[in-house]
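Some notes on the structure that comes next.
The values are calculated or read from the model by the stated rules, or taken from the named source; none is laboratory data. Everything numeric here is computed off the predicted structure, so don't read it as measured data. Positions of Cβ are generated from backbone atoms using ideal geometry, with glycine treated the same way; all protein chains shown enter the neighbour counts. Calculation scope for accessible area: heavy atoms of the full protein, side chains included, ligands and nucleic acids excluded. Shrake-Rupley method; radii C 1.70, N 1.55, O 1.52, S 1.80 Å.
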Amino acid sequence: MTKAVCPGSFDPVTNGHLDIFTRAARSFDEVTVLVTGNPNKQSGLFSIDERMDLIREVTSHIPNITVDTWGGLLVDYTTAHNIGALVKGLRSSLDYDYELPMAQMNRRLSGVDTFFLMTDEKYGYISSSLCKEVAKYGGDLKGLVPDPVFEAMNQKFSGTT
Ligand code: PNS
């Protein structure tokens, strides 16, 4: 049984993230999408529970994906659940520079390996923060985030949630 974790803030999940989850689920028997706090980011647009609900909704058709959250060190979660792999997407050399020290630190701390999937070219410029900025000023995010996320963002920025 091969198990992997896709960790991240996912505030909110984008079509780029969803593509990585889908591809990870083809290569590992069980994939956990793990919503984790990032101490370097300000408090989010969506609560952790809202982010998890949106991820559950958009991955409900993929039977070997589950969603969880964790507030501590990532490696404590992977060790406790006997998970040997982290899976992340790489969009550019900027991502590489950000991810390399985390991958090396996580491996040093626990032996967990990080597997990188190259982002599909359709999604190379998408990030949660850019999507939030575009949505805030009324820009069109169709095709960049899953439909339930599109609706949820419209509600947030129209002040109805
Ligand atoms: O989507 P993000 O915000 O870029 O994801 C970064 C994340 C959440 C994966 C990273 O901040 C993380 O692993 N946080 C958990 C705490 C931890 O283990 N920190 C040490 C990383 S080497």
For this session: For region 6-21, enumerate the residues that are in contact with a Cys (Cβ under 7 Å, 6 or more places away or on another chain) and hydrophobic (A, V, I, L, M, F, W, C).
Result: Ile20, Phe21
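This table checks each residue for (1) over 16 Å from the mean Cα position of the chain (by Cα); (2) closer than 25 Å to Asp120 by Cα.
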site: Gly44; (1), (2): no, no
site: Ser60; (1), (2): no, yes
site: Ile65; (1), (2): no, yes
site: Gly72; (1), (2): yes, no
site: His81; (1), (2): yes, no
site: Arg91; (1), (2): no, yes
site: Met102; (1), (2): no, yes
For this session: Sort out which residues of region 17-37 are open to solvent by less than 50 Å² (accessible area, probe 1.4 Å), more than 20 Å from Thr79 (Cβ to Cβ), more than 9 Å from the chain's Cα centre (by Cα) and not β-branched (Val, Ile, Thr), and write them in order of number.
Result: Asp19, Ala25
Problem set entry | Residue count, region 49-103 (criterion: more than 18 Å from Phe10 (Cβ to Cβ) and among the hydroxyl-bearing types (Ser, Thr, Tyr)) | 4
Exercise. Which residues, counting only those in region 63-109, are of a type outside the set (Asp, Glu), within 13 Å of the ligand (Cβ to nearest atom) and open to solvent by less than 50 Å² (accessible area, probe 1.4 Å)?
Worked result: Gly72, Leu74, Val75, Tyr77, Thr78, Leu86, Val87, Lys88, Gly89, Leu90, Ala103, Asn106
